[in-house]
Amino acid sequence: MTCSQAQSPFFVTLAHAARAALVLSAVLASQARAQSNAELAPRHNPVGRAQAALPKDVLQTLQKAQVPPSALSVLIAPLPNGNTSSNAQSRHLSHHAQVSVNPASVMKLFTTYAGLSLLGPDHVWRNRVYTDGPVRDGVLQGNLVVRGSGDPKLVVERLQELLAQVRAAGVREVRGDIVLDRSVFDVRERSEPFDDEPLRPYNVGPDGLLLNFKAVVYKFTPDAAGGRVHVRFEPPLAGFSAPTQLPLSQAPCSDWRRQLQADFSQPLQVRFAGRYPVSCGEREWPVAYPEPEAYAPRVMQALWQAAGGQLTGQVRYGARPASAKQLLESPSLPLSEIIKDINKFSNNVMAQQLYLTLSSELGAPGRLEASRLRLSQWWRQGFSGHEEPVLDNGSGLSRSERSTAQALTALLQAAHASPHARYFVDSLAVAGVDGTAARLKDRHPQSPVIGNAWLKTGSLRDVASVAGYVQGQSGQRYTLVAVLHHPNAQQARAVLDQLLEWTVRDMDSTTVSRRSRASRDRNAAQSGARR
């Protein structure tokens, strides 16, 4: 997602907070003693002997966008033990690095690295199915209970596999209800969306039994010869309908969603009063379901029936009875894979699921306050001397989350030195190649940054940010954190690209040209040898 914005915090009672504090202090004290030194933050000051003057082109871009330099926080620092050329012009820049700002989705770096450190890259969420009654000849005389684990990526395909396993385990008909247990988290749906676009998928809230991100994906396939576009949607929802075809238009593809004149106000019936531009080709439109509480029951009922399952009762929310017996267990993807979606594609609800898991895996229901407490203690034990970040829901989808560029740099440098470095770096978007950083190639097709930076990007209405690792032309690798916080931040976004390129170009132009010629000569010689 390109937009990373904020959920209001949920209130917890003092009793809950007190119980969480007792559990967390005991567990974290034990973990702190066992934590590897390689996972602790570097004790040196990452600001060091950094220059304070911003590059000239950065200042020009800020001036053009009417953004004062004080609205930019930057810290660029070399990683230790880099293979640096003798001709390197090492990059080290600090500008307002100790100012606490809202870096938007860059805050996901705290959640994902804390997840790797506290849970481990092989951690999985275990979704379980229970029967509350006897099973005879494929018929369950009682309720089928599906207990969620907080799995961040229980998408349609995996849910279909889960229901196929239920049938393979001998349950083909439920003479009772299908009960959805999401008590692993203690959260509520937000009463109001973060912004004025409640149906954007980034506004979906966390859930102990999160199915398919609570979204409906509409797929449009034009038939030019027939003068219409075919419309499909997934996943199926019980009782839900949408048009199967619409007329085409010859209008430009710009703002094609608005041209459809969609009406999502009725949860069980979608209407499109407009036309679809044939020039758009095939497109998809993911939309958050307008009645989120009804989403999981409707999806579960539709998929169970589509799998050939029979149901005499209803699909409803409830708790697993103590008498229920486990029928099967279905693990999630490992955390090392989950964080790729969180960081590369800035998936907000997946980040919030992981954040809540930091407290739920201790045994009590996951709560935002308890997860804040656990991450706070983890930070103080591993990053003493660095200002503590302020977290709300762990996704950056918040107006209250804060960090300094210096604290983010400490985290990046610690992660790079940790046993989990490979998983953490692999989770970041590669500049100009994939994820939210892929568009850099469209903006600057010949940029030396392409393929040489591993980044987490962030965006709010008044924030543009980037943080991660950059490989210099000298062979030196750097950490880079840059945050614009100003009403004109989006107009000054080019500053982030300029800082990335300034960091990559850490050798004098003569040496770079000589290396390029030598590389071309080697390639030509190898090509000639093959001929």
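The values are calculated or read from the model by the stated rules, or taken from the named source; none is laboratory data. This is a predicted model, so every value here is computed, not measured. So basically every Cβ, Gly included, is an ideal-geometry build from the backbone, and we count neighbours across all protein chains shown. Note: accessible area is taken over every heavy atom of the protein model, side chains too, but ligands, DNA and RNA are not part of it. Shrake-Rupley method; radii C 1.70, N 1.55, O 1.52, S 1.80 Å.
If you scan segment 401-432, which residues turn out to be of a type in the set (Val, Ile, Thr) and more than 17 Å from the chain's Cα centre (by Cα)? Can you show your working first?
As a first pass, look at segment 401-432 and keep what is of a type in the set (Val, Ile, Thr): 404, 409, 425, 430.
Correct list: 404, 409.
Which pairs do you get when a residue that is farther than 12 Å from residue 366 by Cβ, found in segment 142-155, comes within reach of a residue that is in a strand (DSSP E or B) and open to solvent by 10 Å² or more (accessible area, probe 1.4 Å), reach meaning Cβ atoms under 7 angstrom, with the pair 6+ apart or on two chains?
Matching pairs, first to second residue: 142/131; 142/132; 143/132; 144/131; 145/130; 145/132; 147/128; 147/130.
Name the residue that is nearest to residue 400 (Cα to Cα), counting only residues in segment 441-472 that are open to solvent by 50 Å² or more (accessible area, probe 1.4 Å) and free of Cβ contacts under 8 Å to residues at least 40 places away in the same chain.
Just the residues of segment 441-472 that are open to solvent by 50 Å² or more (accessible area, probe 1.4 Å), to begin with: 441-446, 452, 461-462.
Of the ones still in play, those that are also free of Cβ contacts under 8 Å to residues at least 40 places away in the same chain are 441-442, 445-446, 462.
Numbers: 441: 32, 442: 33, 445: 36, 446: 38, 462: 13 Å.
So, considering only residues that are open to solvent by 50 Å² or more (accessible area, probe 1.4 Å) and free of Cβ contacts under 8 Å to residues at least 40 places away in the same chain, the one nearest to residue 400 (Cα to Cα) is 462.
Restricting to segment 376-396, name every residue that is over 22 Å from residue 353 (Cα atoms) and either assigned to a loop (DSSP other than H, G, I, E, B) or of a type in the set (Asp, Glu) (or both).
383, 384, 385, 386, 387
Taking residue 427 as meeting all but one of (1) under 19 Å from residue 94 (Cα atoms); (2) open to solvent by less than 50 Å² (accessible area, probe 1.4 Å), write down the number of the exception.
Unmet condition: (1).
Could you tell me whether any residue of segment 345-365 is surrounded by 18 or more Cβ atoms within 10 Å (Cβ to Cβ), touching a strand residue (DSSP E or B) at 6+ places or on another chain (Cβ under 8 Å), within 27 Å of residue 72 (Cα to Cα) and without any contact (Cβ under 8 Å) to a residue 40 or more places away in the chain?
Checking segment 345-365: not a single residue is surrounded by 18 or more Cβ atoms within 10 Å (Cβ to Cβ), touching a strand residue (DSSP E or B) at 6+ places or on another chain (Cβ under 8 Å), within 27 Å of residue 72 (Cα to Cα) and without any contact (Cβ under 8 Å) to a residue 40 or more places away in the chain.
For segment 151-165, indicate whether the set of residues that are open to solvent by 10 Å² or more (accessible area, probe 1.4 Å) and over 25 Å from residue 345 (Cα atoms) is non-empty.
Yes: segment 151-165 contains one or more residues that are open to solvent by 10 Å² or more (accessible area, probe 1.4 Å) and over 25 Å from residue 345 (Cα atoms).
Mind listing just one residue for me: the one in segment 299-325 that is assigned to a strand (DSSP E or B) and open to solvent by 60 Å² or more (accessible area, probe 1.4 Å) and, of those, nearest to residue 134 (Cα to Cα)?
Restricting attention to segment 299-325, the residues satisfying the condition of being assigned to a strand (DSSP E or B) are 310-311, 315-317, 325.
When the remaining residues are screened for being open to solvent by 60 Å² or more (accessible area, probe 1.4 Å), the result is 310, 316-317, 325.
Values: 310: 16, 316: 20, 317: 21, 325: 10 Å.
This residue is 325.
With respect to the numbered conditions (1) under 25 Å from residue 314 (Cα atoms); (2) surrounded by fewer than 17 Cβ atoms within 10 Å (Cβ to Cβ); (3) not aliphatic (A, V, I, L, M), which one is the sole condition not fulfilled by residue 205?
Residue 205 satisfies all of (1) under 25 Å from residue 314 (Cα atoms); (2) surrounded by fewer than 17 Cβ atoms within 10 Å (Cβ to Cβ); (3) not aliphatic (A, V, I, L, M) except (2).
Need the failing condition index for residue 122 against (1) closer than 30 Å to residue 419 by Cβ; (2) among the acidic types (Asp, Glu); (3) assigned to a helix (DSSP H, G or I), just the number.
(3)
For segment 283-298, check the following and say yes or no: at least one residue is in a loop (DSSP other than H, G, I, E, B) and open to solvent by 80 Å² or more (accessible area, probe 1.4 Å).
Here is the first cut: in segment 283-298, the residues in a loop (DSSP other than H, G, I, E, B) are 289-291.
Now drop any that are not open to solvent by 80 Å² or more (accessible area, probe 1.4 Å), which leaves none.
No.
Yes or no: residue 174 within 24 Å of the chain's Cα centre (by Cα) and more than 13 Å from residue 317 (Cα to Cα)?
It is false that residue 174 is within 24 Å of the chain's Cα centre (by Cα) and more than 13 Å from residue 317 (Cα to Cα).
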